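Asks: Please read through the structure below; I'll follow up with questions.
Nothing in this text is a laboratory measurement; each read-out follows from the coordinates by a stated rule. Bear in mind the structure is a predicted one, so any value in this text is a computation, not a measurement. Glycine also receives a Cβ, built like all others from the backbone with ideal geometry; neighbour counts cover every protein chain displayed.
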Amino acid sequence: MKKVIKKKNYSNRFIYFLVTLGIFTLLAGGVYAITSSGANSGHPASDIDFTGAVIHTMAAGASTSQSAYDIGGNHIAGQTIYSYSKMCVGNSNGDCSGTGTGTGTLLTSTSVSSGSFLYTSDKSLKTNIVPISNALEKLQQLNGVSFNWKATGRADDGLIAQDVEKDFPELVSTDSAGLKSVEYGNLVGVLVEAIKEQQKQIDELKSRCK
């Protein structure tokens, strides 16, 4: 199979490769950029600069001594991708950090920030649509609590998943380790119906006072 290798000298790079097909060994002290043939976009921006699609396949490690994928940097840092995790990243000072052995697609033990989160909710994707009944009565069975996370000691407020599961089992998920999670966002529908039920009671009382 044909491969084309061109060497260029840049003031801030040792070697630049324009590659149609090739396998290379990165030597200590060497800085390389690899692009597909015809896709050369200029000087490499990083120590290793890829332009175009990159497919990287490797076996997942089973311990910290068998890292499957390691990334270092200020924004995203990785440790080990274990066979039981889709993605597991960790960096105490990074913008994205996490730990643990959960079964979620992305597992993090720290806060996740975003300008907005969108939930798929189109009617065409749903079936068996019925109003939520006795929403107010069910909400009264829940207790808002303040607590500290054992892992970090951080103070937080919320609900207890086991309590939510009694009346809203569809809002609670249980992972392979038996740990439960609550879909807090989906409580919005319950709150809407509970407010409507409460307003109806208020209106009835107001009508009696006339």
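Asks: Of K150/K180; K138/K196; K138/K200; K166/K200; K166/K206; K166/K196, which sit over 24 Å apart, Cα to Cα?
Replies: Distance filter (> 24 Å) returns K166/K200; K166/K206.
Asks: Then there is this: If the only charges are +1 at each Lys and Arg Cβ and -1 at each Asp and Glu Cβ, what is the size of the charge dipole of the stretch 123-200 around the Cα centre, to the nearest 20 debye?
Replies: 160
Asks: Long-range amide H contacts for I160: which residues qualify at under 5 Å (H placed 1.01 Å from N, peptide plane, sequence gap of 5 or more or a different chain)?
Replies: Residues meeting the criterion, in which the H sits 1.01 Å from N, are N143.
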